[in-house]
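No lab work stands behind these numbers, since they all come straight from the coordinates. Given the structure is predicted, the values throughout are model-derived calculations rather than measurements. When we count neighbours, we look across all protein chains shown, and the Cβ atoms used for this are built from the backbone with ideal geometry, even at glycine.
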Amino acid sequence: MKQRVGIFGGTFDPPHRGHLQVARAAYDELKLDRLLWIPAGTPPHKRSLPLSEAHHRVAMTEFMVAEDDRFALELFEVSRSTTSFTVETLRYLRRMYPEDALVLIMGEDQWASFDSWSQPAVIRSLAEIAVYHRAADGNERYTQLSTPDYWLSGSLLAETSTAIRQRVFRGEKVADDLLETVAAYVNTNALYR
């Protein structure tokens, strides 16, 4: 029976409550049957930025997936040694789920640069695209490839993993932004210090 599979990728460095909010809202609003969390391997747009080792990002994402039995973890990208391109991940998922409808979930900031991604037209042929709103940073550049298939109607997502990492580095409180399990993992493994 054909199912609707949500594809929720990111560096998840760290994954935070905002990610969980988006995943749950996307699942409900898009009437998904499954939502795959996909930690990025080596994302092309972040090659020059420091990134926690994949096993840390996977471990933290596992805590997120454990919060909801409608979620699953997909390790395709982190299992590869090459740069992670969404088009390759979607081709892999299309082979894994040939009969299912794939829905790629991304933030408005990602959508703004979508036409610069590797093979955006192919991505659109492999999956529908659902976009959630991010807080405006004044640098939006909307894609020339038309509108996404869905705008998610949930609340504006202002949290970013970058800001959380910076607050951890400064020794500030992040308990409101992270699940207790993720916060404990960050602390135990001295991430972002």
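Pairs of C-alpha atoms in the chain farther apart than 21 Å represent 51 percent of all such pairs.
In degrees between 0 and 90, to the nearest 10, how far off the longest principal axis of the chain does helix 17-29 point, with axes built from Cα atoms? It is inclined by approximately 20 degrees. Each principal axis of region 29-132 carries a Cα extent, and these read 34, 33, 26 Å when sorted largest first.
Considering region 26-87 at the alpha-carbon level, its Rg and Dmax are found to be 12.9, 37 Å.
Computed extension gain for ARG91 through LEU73, at 0.36 nm per residue and net of the alpha carbon distance, reaches 4.8 nm. Between the amide H of GLY10 and those of ILE38, ALA40, distances stay under 5 Å, these residues lying 5 or more places away or on another chain, with hydrogens modeled in the peptide plane. Residues SER84, SER118, arranged from fewest to most other Cβ atoms within 10 angstrom of their Cβ, appear as SER118, SER84. Per-residue ellipticity at 222 nm, computed for the chain from helices alone with -39500 (n - 2.57) per DSSP H run of at least four residues, works out to -10000 deg cm²/dmol.
Along region 97-108 the Karplus relation, 6.51 cos²θ - 1.76 cosθ + 1.60 evaluated at θ = phi - 60°, assigns HN-Hα couplings of 10, x, 9, 8, 8, 9, 10, 7, 9, 9, x, 4 Hz to successive residues, with x for each Gly and Pro. Report relative contact order for region 4-187 in percent, whole number only (criteria: Cα-Cα under 8 Å, sequence separation at least 6). Across region 4-187, relative contact order equals 26 percent. Each residue of region 172-189 was assigned a 3J(HN,Hα) from its phi angle through the Karplus expression (A = 6.51, B = -1.76, C = 1.60, θ = phi - 60°), giving 8, 6, 10, 4, 6, 8, 10, 4, 4, 5, 5, 4, 5, 5, 4, 5, 4, 9 Hz with x at Gly and Pro. Using a simple spin-label model with pseudo-atoms 7 Å out from Cα toward Cβ, SER81 and SER116 lie 2.9 nm apart.
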